[in-house]
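Report on the following structure.
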Amino acid sequence: MRMTVLAALGLTAFLASPIVAADTPSMADRLVNDPRVDALNPYGLRLPPTVRADKSVQFGKALRVPLKGHTDFWRVGVTTPVLKPVRKGDQIVIAFWARAEETENGAPGRIGRVQLEATPVVRAIFEQPFEVSRDWKMYQLKGIADQDYGPRQLNAALHLDSAKQVLDLGPVFVLDYGQPAR
């Protein structure tokens with residue numbers, strides 16, 4: 001069962017990691033946000049994108065986001081709040097489904113930055129840009145919490161407006177793998 005859940009999330013690499021032991025908490029215990037597409041908080045567009053049915057992505061829903069591309073790519077995106085406490089040194093994974101539905105000249109899609117951020121004053125804890133393929137794929141970003149945080153003091157944010165493109169976003173998972181094994 002554990003292998004099936006990890007494979008479904010695209011996180012099988014953690015099986016070889018010292019942070020996964022036989023008495024590991026379940027994926028539901030590690031999940032610290034609401035991963036559903038309906039729970040994403042879009043921002044920066046005049047008309048918010050709508051949730052669409054899409055049977056080819058996990059949970060069968062996607063958010064289609066038309067983008068114009070801008071140097072201030074962080075002005076359009078989505079966030080998902082972290083609903084549980086996180087401790088300093090916890091290993092955090094942001095795993096998200098995405099595809100580039102439409103791009104200019106067949107170029108890969110681009111997400112300017114995915115980050116774990118402190119709120120309400122936004123401060124990135126860790127971040128990374130991503131190129132996005134035309135097919136649904138799960139992408140991952142891993143990092144370490146820099147201090148203790150209470151519920152809703154962190155967000156996972158996807159800053160999207162880095163190219164003229166149409167991106168589809170599926171579920172976004174924020175997982176807390178706890179402290180590294182020593």
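The values are calculated or read from the model by the stated rules, or taken from the named source; none is laboratory data. Everything quoted here is computed from the prediction, not taken from an experiment. Ideal geometry is used to build each Cβ from the backbone, glycine not excepted, and the neighbour counts take in all protein chains shown. Quick note on the areas: whole protein, heavy atoms, side chains included, nothing else; ligands and nucleic acids left out. Shrake-Rupley method; radii C 1.70, N 1.55, O 1.52, S 1.80 Å.
Only protein atoms count toward the accessible area here, which uses a 1.4 Å probe; on the chain, the carbon and sulfur part of that area reaches 54 percent. Here the peptides 84-92, 123-131 are ranked by packing, the mean other Cβ count within 10 Å, and the order with the highest first is 84-92, 123-131.
Output the peptides 152-160, 28-36 sorted from most to least packed, where packing is the average of other Cβ atoms within 10 Å over each peptide's residues.
Working: 152-160: 23.0, 28-36: 17.2.
Final packing ranking: 152-160, 28-36.
Roughly how many Å² is the accessible area per residue of region 125-182, as a whole number, for a 1.4 Å probe?
Here the per-residue accessible area is 44 Å².
With the simple spin-label model, which puts each label point 7 Å out from Cα in the Cβ direction, the ARG182 to THR24 separation comes to 2.2 nm. Would you please calculate the Kirkwood hydrodynamic radius of the chain over all C-alpha pairs and express it in Å, rounded to one decimal? Across the chain, the inverse of the average 1/r is 16.7 Å. Close Lys pairs in the chain (alpha-carbon distance under 15 Å; sequence gap of 8 or more, or different chains): 4.
Work the Kirkwood hydrodynamic radius out for region 64-167: mean of 1/r over every pair of different alpha-carbon atoms, inverted, in Å. Roughly 14.1 Å, rounded to one decimal. Maximal additional length on extending the ARG152-ASP38 stretch stands at 39.3 nm, based on 0.36 nm per residue less the C-alpha distance.
When the solvent-accessible surface of protein heavy atoms is calculated with a 1.4 angstrom probe, in what order do SER26, SER56 fall, highest first?
Final ranking, largest accessible area leading: SER56, SER26.
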